[in-house]
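*Asks:* Sharing a structure here in structure tokens format.
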Amino acid sequence: MGQVQGKVAFVTGGASGIGASCARTFAREGASVVITDLSDEMGQALAAEINAAGGRATYLHQDVTDEAGWAPAIAEAVRLYGRLDILVANAGIAIFGSALDMSLADFRRQNAVNIEGVFLTAKYGIPAMRQAGNGGSIIMISSVAGLRGSANLAGYSASKGAVRLLSRSIALECAAAEDGIRCNSVHPGIIVTPIWQKAATPGGGGLNAALDPNEMARAAVPLGKPAEAQEIANGVLFLASDASAHMTGSELVIDGGLTAGSIRRRA
Ligand SMILES: NC(=O)c1ccc[n+]([C@@H]2O[C@H](COP(=O)([O-])OP(=O)(O)OC[C@H]3O[C@@H](n4cnc5c(N)ncnc54)[C@H](O)[C@@H]3O)[C@@H](O)[C@H]2O)c1
């Protein structure tokens with residue numbers, strides 16, 4: 001019996017990185033998975049991989065910032081698999097650079113994905129969960145950048161800090177409604193995913209080269225290395241499963257000690 005056996009999961013930004021690991025993990029643990037993303041080729045390949053391995057997955061094209069697309073996407077998930085139990089609001093982008101150099105357009109673009117997209121996930125997903133009447137679990141992917149400030153990441157930190165309190169507030173709304181739906185945020189530290197290659201914005205206000213998560217983690221993470229996406233998916237699985245039934249409005253930090261403090265490493 002899998003840890004999410006018979007449940008139906010909806011993962012935004014599920015074609016790559018942490019979202020893809022969540023999709024694979026849910027499928028391995030018995031859930032049917034709807035993967036949505038902008039990257040159609042990768043999303044379709046992942047769904048095919050899961051189905052070939054004996055799991056159940058479908059890929060849908062979705063831009064999380066497009067409100068008009070939300071009701072049809074949720075309706076399609078329910079049509080395909082009959083209900084909705086797990087929502088992972090994972091789609092996100094990171095635009096690096098000084099706040100003073102960042103254009104308002106970039107600041108808004110980042111918020112549109114990182115916070116508006118998460119808001120829409122809850123707004124359109126919760127009614128479908130309520131309709132099924134089995135409760136549910138919402139997991140909002142924030143970041144350690146949502147727990148503390150970071151130079152050259154002001155816009156990203158602002159969006160991820162907003163996710164943290166959105167998650168707590170949604171948790172309380174659901175608790176007050178006694179609908180059995182839980183909501184928690186996850187705060188990854190430095191994780192090896194393609195997001196670091198996408199960080200470069202040559203000629204823009206940000207960086208001129210992609211960042212190396214291994215190098216960054218060696219310098220900043222007490223455990224001395226970045227995490228693999230699977231290590232975040234393990235935490236998401238716990239929050240999605242009934243093993244975390246008494247957790248709502250919580251923050252799961254998976255960061256190798258990054259927010260605990262810093263250490264002096266021996267040479
Ligand atoms: N990698 C890290 O170190 C790290 C650390 C903390 C938090 N996070 C967060 O984890 C989440 C996943 O990031 P990742 O590292 O796996 O990056 P990733 O780039 O591998 O995956 C993000 C996915 O989101 C999709 N996406 C972007 N904009 C979208 C939109 N408008 N609509 C739908 N999909 C969209 C992308 O196509 C991509 O497949 C993000 O919210 C990110 O901020 C990552």
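*Asks:* List pairs: first residue in region 225-245 and within 19 Å of Gln5 (Cβ to Cβ), second residue in a helix (DSSP H, G or I) and open to solvent by less than 10 Å² (accessible area, probe 1.4 Å) anywhere in the structure, Cβ distance under 6 angstrom, at least six positions apart or on different chains.
*Replies:* If the second residue must be in a helix (DSSP H, G or I) and open to solvent by less than 10 Å² (accessible area, probe 1.4 Å), the pairs left are Ala233/Cys22; Ala233/Thr25; Val236/Cys22; Leu237/Thr25; Phe238/Ser244.
*Asks:* Which of the residues belonging to region 37-78 are free of Cβ contacts under 8 Å to residues at least 40 places away in the same chain and among the hydroxyl-bearing types (Ser, Thr, Tyr)?
*Replies:* Ser39, Thr58
*Asks:* Anything in region 157-169 that is closer than 22 Å to Leu87 by Cα and either of a type in the set (Gly, Ala, Ser) or in contact (Cβ under 8 Å) with a residue 24 or more places away in the chain (or both)? List them, or say none.
*Replies:* Matches in region 157-169: Ser159, Lys160, Gly161, Ala162, Val163, Arg164, Leu166, Ser167, Arg168, Ser169.
A quick yes/no check of all residues on (1) within 24 Å of Gly97 (Cα to Cα); (2) open to solvent by 30 Å² or more (accessible area, probe 1.4 Å):
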site	(1), (2)
Ile139	no, no
Val144	yes, no
Ala151	yes, yes
Val163	yes, no
Glu173	no, yes
Gly180	no, yes
Ile191	yes, no
Ile195	yes, yes
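*Asks:* Can you report the number of residues in region 14-67 which are in contact with a His (Cβ under 8 Å, 6 or more places away or on another chain) and either outside any strand (DSSP E or B) or open to solvent by 10 Å² or more (accessible area, probe 1.4 Å) (or both)?
*Replies:* Summing the residues that are in contact with a His (Cβ under 8 Å, 6 or more places away or on another chain) and either outside any strand (DSSP E or B) or open to solvent by 10 Å² or more (accessible area, probe 1.4 Å) (or both) in region 14-67 gives 4.
The values are calculated or read from the model by the stated rules, or taken from the named source; none is laboratory data. In this text, all values refer to a predicted model and were calculated from it rather than measured experimentally. FYI the Cβ positions are ideal-geometry reconstructions off the backbone, even for glycines, and counts take in every protein chain you see. Keep in mind that these areas ignore ligands, DNA and RNA; they rest on the heavy atoms of the full protein, side chains included. Shrake-Rupley method; radii C 1.70, N 1.55, O 1.52, S 1.80 Å.
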